[in-house]
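Input: a single structure, listed below in structure tokens.
The values are calculated or read from the model by the stated rules, or taken from the named source; none is laboratory data. None of these values were measured; they are calculated from a predicted model. Reconstructed Cβ throughout: ideal geometry from the backbone, glycine too, with neighbour counts over all protein chains shown. These area figures cover heavy atoms from the full protein model, side chains too; ligands, DNA and RNA do not enter into them. Shrake-Rupley method; radii C 1.70, N 1.55, O 1.52, S 1.80 Å.
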Amino acid sequence: MRIAVIGSGNVGAALGRRWSEAGHDVVFGVRDPSAAKVTKLLERAPGALAAAPATATGDAEVVVLATPWAVSEDVVLGLGDLDGRILVDCTNPVQPDLKGLTVGHTVSAGEMIAGWAAGAKVVKAFNTTGSGNMEEPAYAEGATTMFLCGDDPQANRKVAGLAKDLGFEVVDAGGLHVARLLEPLAMLWINLAYAQGMGPDIAFRLMTR
Ligand SMILES: NC(=O)c1ccc[n+]([C@@H]2O[C@H](COP(=O)([O-])OP(=O)(O)OC[C@H]3O[C@@H](n4cnc5c(N)ncnc54)[C@H](OP(=O)(O)O)[C@@H]3O)[C@@H](O)[C@H]2O)c1
């Protein structure tokens, strides 16, 4: 699948590198494609390319947004026409001190992004766990669960496939409004990992019987 990953920080680099390893066509959308850190990333991501965000989006079937929440509106508006495209929203609208969320209850970052990306099929995913778990989702107890949600079931299935390619187990949690629940779940992970000192080698796993 042709995937544009916008942002090449912790999340974008982990997802894009692993998808390129899995055989997907990955283009990183970055502000400075010639930056040394981008060159270094491309060396570790076989076949991947880098371009300016609006160029990277090109004919990508899936566009993955992995930018800080504060710049995400500008970034999405700068991507141009996303009508009909799958837009995977990895963002969390965290406060700068990581102690809480800046939106919630009546709206979510995922729904706001859907408002900025007219016609895109927004799927909230890859936000409820740390980037280290995107590099390695496996634990002794089993795979990390990747929760996702979105209003287009076919888009959700495609993104579920991309999560499975990385080794996640996937739970489709419902429509995009469920991002109002997945974003606080990310906040719980951040609280446990950092405020409670458990560190980033922790993950949520849904059990059933
Ligand atoms: N870190 C995690 O474990 C984690 C887990 C789940 C979800 N998230 C969420 O995922 C998102 C990304 O997190 P991260 O930790 O990967 O952040 P990060 O390491 O700070 O990386 C952010 C990326 O966004 C790019 N960027 C910043 N401003 C931009 C702009 N105006 N236009 C285009 N690109 C821009 C940065 O580019 P430069 O390199 O040029 O600065 C960088 O590549 C956040 O919303 C975060 O809440 C993070």
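Brief remarks follow.
- Counting only residues that are near the ligand (Cβ under 7 Å from one of its atoms), touching a residue at least 24 places away in the same chain (Cβ under 8 Å) and more than 19 Å from Phe126 (Cα to Cα), segment 31-77 holds 2 of them.
- Segment 6-27: number of residues that are in contact with a helix residue (DSSP H, G or I) (Cβ under 6 Å, 6 or more places away or on another chain) and more than 17 Å from Gly132 (Cβ to Cβ): 4
- Failed condition for Ile6, given (1) near the ligand (Cβ under 8 Å from one of its atoms); (2) on the phi > 0 side of the Ramachandran plot: (2)
- Some residue of segment 95-108 being of a type in the set (A, V, I, L, M, F, W, C) and crowded, with 22+ Cβ neighbours inside 10 Å: no
- Residues located in segment 11-44, provided they are more than 19 Å from the chain's Cα centre (by Cα) and either modelled with pLDDT under 95 or not aliphatic (A, V, I, L, M) (or both): Asp32, Pro33, Ser34, Lys37, Thr39, Lys40, Glu43, Arg44
Quick grid of which residues meet (1) within 14 Å of Glu136 (Cα to Cα); (2) within 19 Å of the chain's Cα centre (by Cα); (3) assigned to a helix (DSSP H, G or I):
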residue	(1), (2), (3)
Val170	no, yes, no
Arg180	no, yes, yes
Trp189	no, yes, yes
Tyr194	no, no, yes
Pro200	yes, yes, no
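- Complete set of residues in segment 166-203 that are open to solvent by 40 Å² or more (accessible area, probe 1.4 Å), in contact with a Leu (Cβ under 9 Å, 6 or more places away or on another chain) and not hydrophobic (A, V, I, L, M, F, W, C): Glu169, Asp172, Pro184, Asn191, Tyr194
- Which listed residue, of Gly84, Gly47, Gly119, is assigned to a loop (DSSP other than H, G, I, E, B), in contact with a Ser or Thr (Cβ under 7 Å, 6 or more places away or on another chain), at pLDDT 95 or above and exposed (fewer than 13 other Cβ atoms within 10 Å of the Cβ): Gly47
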